[in-house]
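Note sheet for the following structure.
Values in this text are rule-based calculations from the coordinates and carry no lab data. Worth saying up front: this structure is predicted, and the values here are computed from it rather than measured. Don't worry about glycine lacking a Cβ; one is built from the backbone with ideal geometry, like all the others, and counts go over all protein chains shown.
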Amino acid sequence: MYEFGIGSMFAVQNDGTSIEFGTLQNSTFGFSFDKKELYGRKQMPVHVARGKGKAEGKAEWADIKASSVNLILNGTETTGQRIVAEPINAVVPDSSPYTVTIGTIPNSGTFNALRVVYDVSGDTKKPMTLVTGTPLTGQYAFATVAAVAGARTYTVTTNFVADDTIAVGGVTLTAKTSGATGLQFNIGATIADSVTNIQTILDANSTVNAIYTVTKLSDTFTLTETVAGVGNTPSTAIVVGTGVVSSGTATTSTASTKTLTFAVADINKKVQYQYDYNVTTGKTITLTNNMMGTAPTFEVELYTVLDGHNITLVLNKCTTDKLDLNFKNEDYLIPSFSFSAMSDSSDVIGMLYLDE
């Protein structure tokens, strides 16, 4: 029989989970043995015996998955990844404070660290220098502006009467003289008492407390964004009935920003910066410093077929000793790894299946 091509390769972990080394590029596997030769007086051996043996392989694959890489590295796999943003071009503004704001982080990510800032006004990139004080020519300062929580204070100036309503914080409350339930509040003897009852109902409501914290002071109550800067600026209150509520000026919810501040001498200069950021998608492999002797073990199954004729090699217990990530300019990343087979608890290395 004849065989052609690369076929496919799988690794089976100890929990039974199979991992394919997708878009396999090549794989080799060989058996080798030490020779022990017995000589007498003459030149050629009178007997040859086998000594130690090895069963070793190597594979290259192109479809990179965290599971296949971590099988080799024996690390800890979790969700999330770090991404390096592509270079971003900007121009230093010609008005004080000469600040460039780093915009929205891609992929709903969170900023991790600024990596480099260049002056790209000329023919070549010139690295700019980070300083903690006021920048001079060719320098920049980096700062984080804290997020601002959206908030608004509401003042009750006329007490409510039965069946008045107030819409605030995404819910509508109805005033009752007594026996209030659900989205109802009891009218107090004073405005302050009514405000206390409103605050109690809002604070216990899941719609409201998922977004805001509710506080009160005498005739006023305040809604404050629980997570600052996510865009939940409280709206004005809408009252229907006798009660009167004035809505104070809102503090606008503002997300945290990162800024680059340059020297006045560098106004209108073209700059380029780059940073990295974290996202909740993808995978992270934490590379742990394991104890000596610790190594992953797995079963390997390699097969190929031509004209209905199969060759399947199963190695019951393997481990790996090397991973290469071969980065190249103008070519694909093709990782490669080597592995060795050992006997299982039944002294079996594996099975080689052939049609003929």
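Comparing Cα centroids, region 231-268 and region 24-85 end up 62 angstrom apart.
Residues in region 25-33 carry Karplus couplings, in order, of 9, 7, 8, 9, 8, x, 10, 9, 9 Hz; the curve used is 6.51 cos²θ - 1.76 cosθ + 1.60 with θ = phi - 60°, and Gly or Pro positions show x.
Springs between alpha-carbon pairs under 10 angstrom, Gaussian network model over the chain: which of 45, 93, 127 fluctuates most? Result for the chain, Cα springs under 10 Å: 45 fluctuates most.
What does the net charge come to around residue 18 if you take all other residues with beta carbon closer than 14 Å to its beta carbon, with K and R at +1 and D and E at -1? Here the charged neighbours net out to -3. Between 0 and 90 degrees, the angle of helix 191-204 with respect to the longest Cα principal axis of the chain falls at about 10 degrees. Between residue 212 and 226, the built amide H atoms are under 5 Å apart, and every one of these is 5 or more places off in sequence or on another chain.
Would you mind calculating the gained length between residue 289 and residue 210 on full extension (0.36 nm times residue separation, minus the Cα-Cα distance), in nm to one decimal?
Details: separation 79, 0.36 × 79 = 28.44 nm, distance 4.12 nm.
So the chain would gain 24.3 nm between residue 289 and residue 210.
No solvent, one uniform scatterer per C-alpha: report log10 I(q)/I(0) for region 151-247 via the Debye equation at q = 0.12 1/Å, two decimals. For region 151-247, the Cα-only Debye profile gives -0.32. When only Cα pairs under 8 Å and 6 or more residues apart are kept, what is the percent relative contact order across the chain? Computed value for the chain: 26 percent relative contact order. Test of understanding: extend the Cα→C-beta vector of residue 330 to 7 Å, then name every residue of region 54-85 with backbone N under 15 Å from that spot. Answer for this model: none. Considering only the Cα atoms of the chain, their convex hull presents on average a projected area of 36.4 nm².
Computed over the chain, the per-residue total of -39500 (n - 2.57) for DSSP H runs of n ≥ 4 gives a 222 nm mean residue ellipticity of -2000 deg cm²/dmol, rounded to 500.
Given a Förster distance of 51 angstrom, what is the FRET efficiency for residue 10 paired with residue 254, based on the Cβ-Cβ distance and rounded to 0.05? Mind dumping the intermediate values first?
Numbers: r = 52 Å, r/R0 = 1.01.
Computed FRET efficiency for residue 10 and residue 254 comes out at 0.50.
Given the pairs 36/317; 125/269; 126/328; 125/328; 126/270; 58/328, which span a C-alpha to C-alpha distance of over 18 angstrom in this model?
On the way: 36/317 27 Å; 125/269 12 Å; 126/328 26 Å; 125/328 23 Å; 126/270 11 Å; 58/328 20 Å.
Long pairs (Cα-Cα over 18 Å): 36/317; 126/328; 125/328; 58/328.
Rounded to whole numbers, the Karplus 3J(HN,Hα) couplings from phi for region 153-158 are 10, 10, 10, 8, 9, 10 Hz, using 6.51 cos²θ - 1.76 cosθ + 1.60 with θ = phi - 60°, and x at Gly and Pro. 3J(HN,Hα) along region 333-349, derived from phi through the Karplus expression 6.51 cos²θ - 1.76 cosθ + 1.60 where θ = phi - 60°, amounts to 6, 10, x, 9, 8, 10, 8, 10, 9, 9, 6, 7, 5, 9, 6, 10, 7 Hz, with x in place of Gly and Pro. Calculated FRET efficiency, residue 353 to residue 145, Cβ-Cβ distance, R0 = 56 Å: about 0.30 to the nearest 0.05.
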